Amino acid sequence: MTQFTRIADQAKMQAPGLLLAVTVALASLFISSRYGGPVMLYAILFGIAFNFMNEDAKTRPGVQFASKRVLQLGVILLGASVTFSEIAELGWATALLVVAAVTTTMGAGFLIGRSAGLTAPHSTLSAGAVAICGASAAMAIASVLPQTKESERNLILTVVGVTTLSTIAMVTYPSITHLFTFTDMQSGVFLGATIHDVAQVIGAGYI
């Protein structure tokens, strides 16, 4: 069997599951653009609804591939979209603030999770979601953590929790910037550094 034949057979085997993943992604994007709300949350809710497809022999290979390789590629592309010129435009002090905030939040979140009785993977997942970018970070981190029977439940709890907190912050934090008469730059740094999810940060910028 040639290399091309093996690749073709693998692609054929993964096609049904990948088609399902693409359908869920497009549906989530449509609902988010039409009615608002974070795309990732809609995607997870759809994923829960179609979870039974992960047990189907026809769709399982593609779903597994999408939940690992495709998701990891998406995170890489998301990071690649941030250029050094954009970082320099904000100022290196801001960049260092972001690094310090993410590192501190990750460490503190992990320790708080462990002290609260959470497992190490669950603590890492929760801390990463809060420290980095909410639901997107949670899904990316979950894809590389060891998979257990509690992994899906932990991911759902983390995403729902971080999305709820982000939404509350989106509504309330702009009032703080007005109260202290922050400049546009100061408001952007404050909102971006304290609100978990990118979508809610953008929403807060319009309030």
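The table that follows gives values for the structure above.
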quantity	calculated
Conditions (1) of a type outside the set (Ser, Thr, Tyr); (2) farther than 28 Å from HIS122 by Cα; (3) touching a residue at least 40 places away in the same chain (Cβ under 8 Å); number of the one not met by LEU179	(3)
Given (1) among the hydroxyl-bearing types (Ser, Thr, Tyr); (2) modelled with pLDDT under 85; (3) touching a helix residue (DSSP H, G or I) at 6+ places or on another chain (Cβ under 6 Å), index of the condition THR177 fails	(2)
Sole residue being within 22 Å of VAL99 (Cα to Cα) and out of contact with any helix residue (DSSP H, G or I) (no Cβ under 7 Å at 6 or more places or on another chain), chosen from VAL201, VAL144, VAL171, VAL160	VAL144
Matching option when the condition is under 15 Å from the mean Cα position of the chain (by Cα) and on the phi > 0 side of the Ramachandran plot, among GLY91, GLY134	GLY134
Matching residues in the stretch 155-186 - criterion: being surrounded by fewer than 17 Cβ atoms within 10 Å (Cβ to Cβ), touching a Ser or Thr at 6+ places or on another chain (Cβ under 8 Å) and aromatic (Phe, Trp, Tyr)	none
ALA135 vs. criteria surrounded by 15 or more Cβ atoms within 10 Å (Cβ to Cβ) and either among the basic types (Lys, Arg) or touching an Asp or Glu at 6+ places or on another chain (Cβ under 7 Å) (or both)	yes
Failed condition for ASP197, given (1) free of Cβ contacts under 8 Å to residues at least 40 places away in the same chain; (2) surrounded by 15 or more Cβ atoms within 10 Å (Cβ to Cβ); (3) not aliphatic (A, V, I, L, M)	(1)
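The values are calculated or read from the model by the stated rules, or taken from the named source; none is laboratory data. From a predicted model like this one, the values you see are computed outputs, not experimental measurements. Virtual Cβ from ideal backbone geometry, glycine too; neighbours counted across all protein chains shown.
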